[in-house]
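Visitor: Quick one: the structure is below, and I'll ask about it shortly.
The values are calculated or read from the model by the stated rules, or taken from the named source; none is laboratory data. For clarity, every value in this text was computed on a predicted model and none was experimentally measured. Cβ atoms come from the backbone with ideal geometry, glycine included; neighbour counts cover every protein chain shown. For the accessible areas, the whole protein counts, side chains as well, though only heavy atoms, and no ligand, DNA or RNA atoms are used. Shrake-Rupley method; radii C 1.70, N 1.55, O 1.52, S 1.80 Å.
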Amino acid sequence: MRGARRRLCSALILAYGLFSLYAAYTVFLRPRRPPHRDRRGPRGFTDHVALGNEEWNPWEGDEKNELAASQQRYEANLKMIKYARSRLEQTSLRVQIWGKAAIGIYLWQHIFGGHLEPADVTAQWREGSQKEGKTYFSFLTGPSVVPGYFSVEAEHVVLVLNGREEAKVASATQWLQYARTLIQAHKIQHVAVVLLGNEQCNNGWIQPYLKRNGGFVNLLFVTYDYALVNEEDIFQWPLGVATYRNFPVVEPSWSMLHDPRSYLCNFLGTVYKNSSRETLMEILKQDGLDKLCWIAAREQWQPQETNESFKNYQDALLHSDLTLCPVGINTECYRIYEACSYGSLPVIEDVMTPGDCGNSSMYHSAPLQLLKTVGAPFIFIKNWNELPAVLEKEKKMSLQEKVERRKKLLKWYQNFKAWMRQKFITTLENSFLPSDKG
């Protein structure tokens, strides 16, 4: 943002300097036409007729006219620059994003395609900026970004918060209270929140902060099938990839698209007791299906990723035609988006998450209503007993059919991120910019 403003100021200074030089050249430096000895003035006077103490110059009128025209051009151009600058200030939005949850990295680097400096993911302070639509965005993240200890450089703020559990909610609440203080002090005008919601959609704590309930938060973008999503001031946001494990932005390669893959499917993850994942493991063992897939199950969730385990996971996605996505705590999981990144088609258990999430009586497209709304080309199954038939069909597909499917999946995912970016920007601009309506 500051770079953009500096460039604008530099352009204005340069334009001012160029017009000043031109005016000076016209008045002082431009060579006058040499007088012709035989030329006579309008009344028959010779060239060097003295008028008092001044010498008559027959081209003086032309030079004055040219100077006046030059001055007019300069003033007209300066006026045009000032008008353009005022229009820029009137129609552009400056938004500062405070990324205090991992989904902020997905928003900035995966959806916006933005960069952060320094590149070191362990840095205490990272930032980036870019222009999208009518809006200049700056992004701040890192442990050193704490309330009251960084410069607030925009009147419009997007807070990216984690509300999954009580300790995270307590931290998120501190950030909201800080934002409210800035609103009350007229330091900022508008606030939107991007929230990593509770996996069972228990997000009631955020409600009092919403403007609709007397609070100050204009817009809420929240993950999972939250029942209060209304596409007016509450919008569903994608969970995305596990950026807290440093899952990268993947650029598709020729081999990713065209090479045959060694495994029909993969599942690397935790098998919870009395869950559908146990059913999935039993079905895979039938008829030796587990030998056709890359399976690595564990009994307990492990938050710490090693370089070896992370590489194995990426290799499994890259070398499998299908990625199995059983329900965990929520139907939506990082695995869905990570599989899309590598062109491995997600096979998703299409059942509702227990808890307070939207239900089929309220939303015909729930669960995963966001992905279904935008036509995700996935395989949805109601029960893992359907998997053997899916894998049998997979065996009969030609490589060319699979290549075309990968292309379709990668193209869809690219378009999905672009659609989410445009929806996010448009929603902010419609809410934060002054309305043109009288």
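Visitor: Just to be sure I understand, how many residues within region 365-409 are open to solvent by 40 Å² or more (accessible area, probe 1.4 Å) and under 24 Å from the mean Cα position of the chain (by Cα)?
Guide: The qualifying residues number 5.
Visitor: Between residues in region 200-227 that are farther than 20 Å from C357 by Cβ and outside the structural domain of A172 (by the TED database) and residues that are surrounded by fewer than 22 Cβ atoms within 10 Å (Cβ to Cβ) and of a type in the set (S, T, N, Q), which pairs lie under 9 Å by C-beta distance while being six or more apart or on different chains?
Guide: If the second residue must be surrounded by fewer than 22 Cβ atoms within 10 Å (Cβ to Cβ) and of a type in the set (S, T, N, Q), no pairs are left.
Visitor: Looking for something under 29 Å from Y334 (Cα atoms) and not polar (S, T, N, Q) - is there at least one such residue anywhere in region 179-186?
Guide: no
Visitor: Considering only residues of region 201-215 that are over 15 Å from R164 (Cβ atoms) and either in contact with a strand residue (DSSP E or B) (Cβ under 6 Å, 6 or more places away or on another chain) or of a type in the set (S, T, N, Q) (or both), which is surrounded by the most Cβ atoms within 10 Å (Cβ to Cβ)?
Guide: So, considering only residues that are over 15 Å from R164 (Cβ atoms) and either in contact with a strand residue (DSSP E or B) (Cβ under 6 Å, 6 or more places away or on another chain) or of a type in the set (S, T, N, Q) (or both), the one surrounded by the most Cβ atoms within 10 Å (Cβ to Cβ) is Y209.
Visitor: Sticking with this structure for a sec: Only one residue in D290, D321, D315 is at pLDDT below 95, open to solvent by less than 60 Å² (accessible area, probe 1.4 Å) and not hydrophobic (A, V, I, L, M, F, W, C). Which one?
Guide: None of the other options fit; the residue is D290.
Visitor: Determine the pairs where a residue that is farther than 9 Å from V157 by Cα and among the small types (G, A, S), located within region 91-102, has a partner that is part of a loop (DSSP other than H, G, I, E, B) and modelled with pLDDT under 95 with Cβ atoms under 7 Å apart, the partner being 6 or more residues away or on another chain.
Guide: S92/K134
Visitor: Considering only residues that are in contact (Cβ under 8 Å) with a residue 12 or more places away in the chain and open to solvent by 50 Å² or more (accessible area, probe 1.4 Å), look in region 153-167 and name the one that is farthest from L195 (Cα to Cα).
Guide: The residue in question is E153.
Visitor: Among the residues of region 226-248 satisfying the criterion of being of a type in the set (G, A, S) and surrounded by fewer than 21 Cβ atoms within 10 Å (Cβ to Cβ), which is nearest to the chain's Cα centre (by Cα)?
Guide: That would be A242.
Visitor: Here's another thing I want to ask about it. For region 149-191, what are the residues that are modelled with pLDDT under 95 and β-branched (V, I, T)?
Guide: Answer for region 149-191, where residues must be modelled with pLDDT under 95 and β-branched (V, I, T): there is none.
Visitor: Pull up region 71-110, narrow it to residues that are at pLDDT 80 or above and assigned to a helix (DSSP H, G or I), then point me to the one that is nearest to Y413 (Cα to Cα).
Guide: So the residue we want is H110.
Visitor: With (1) touching a residue at least 24 places away in the same chain (Cβ under 8 Å); (2) in a loop (DSSP other than H, G, I, E, B); (3) under 30 Å from S365 (Cα atoms) as the list, and N230 as the residue in question, which single condition is left unmet?
Guide: (1)
Visitor: Within region 373-414, how many residues turn out to be of a type in the set (V, I, T) and outside any helix (DSSP H, G or I)? Working first, answer last.
Guide: So in region 373-414, the residues of a type in the set (V, I, T) come out as 373-374, 379, 381, 390, 403.
Right, trim to outside any helix (DSSP H, G or I) and you get 374, 379, 381.
Summing the residues that are of a type in the set (V, I, T) and outside any helix (DSSP H, G or I) in region 373-414 gives 3.
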